[in-house]
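Below is one structure, written out as structure tokens; comments come after it.
The values are calculated or read from the model by the stated rules, or taken from the named source; none is laboratory data. Everything numeric here is computed off the predicted structure, so don't read it as measured data. Cβ: placed from backbone, ideal geometry, glycine included. Neighbour counts: every protein chain shown. These accessible areas exclude ligands, DNA and RNA; they are computed on the full protein's heavy atoms, side chains included. Shrake-Rupley method; radii C 1.70, N 1.55, O 1.52, S 1.80 Å.
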Amino acid sequence: MVTLTKIYTRTGDDGTTGLVGKERRLKSDVRIDAYGTVDEANAAIGLARLHAADWPAIDRMLARIQNDM
């Protein structure tokens with residue numbers, strides 16, 4: 001599993017977001033929008049996992065999908 005740590009940017013909000021490698025993109029960029037879509041899908045899968053607690057095989061499958069996302 002991937003382990004995330006806290007991230008602080010200290011750059012304020014100028015309508016852009018930073019990517020790995022110090023590239024900056026507008027928050028309206030299609031790439032940034034895709035990140036948000038994946039994040040929302042990940043949250044929906046997390047909710048599905050709550051309801052799949054009685055089905056370990058499904059929970060494991062969803063956990064793998066979340067990790068891959």
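Scanning for something in a loop (DSSP other than H, G, I, E, B), small (Gly, Ala, Ser) and surrounded by 10 or more Cβ atoms within 10 Å (Cβ to Cβ), does segment 60-69 turn up at least one residue? Within segment 60-69, not a single residue is in a loop (DSSP other than H, G, I, E, B), small (Gly, Ala, Ser) and surrounded by 10 or more Cβ atoms within 10 Å (Cβ to Cβ).
Taking (1) among the hydroxyl-bearing types (Ser, Thr, Tyr); (2) more than 23 Å from residue 66 (Cβ to Cβ); (3) exposed (fewer than 11 other Cβ atoms within 10 Å of the Cβ) in turn, residue 5 satisfies each apart from (2).
Scanning segment 9-33 for residues that are in a loop (DSSP other than H, G, I, E, B), under 25 Å from residue 67 (Cβ atoms) and open to solvent by less than 60 Å² (accessible area, probe 1.4 Å) turns up just one, 19. Taking every residue in segment 44-69 that is at pLDDT below 95 and pairing it with any residue that is acidic (Asp, Glu), at least 6 positions away or on another chain, the pairs with Cβ-Cβ distances below 8 Å are 52/59; 53/59.
Taken together, the residues in segment 34-59 that are among the β-branched types (Val, Ile, Thr), more than 20 Å from residue 19 (Cα to Cα) and either touching a strand residue (DSSP E or B) at 6+ places or on another chain (Cβ under 6 Å) or open to solvent by 70 Å² or more (accessible area, probe 1.4 Å) (or both) amount to 1.
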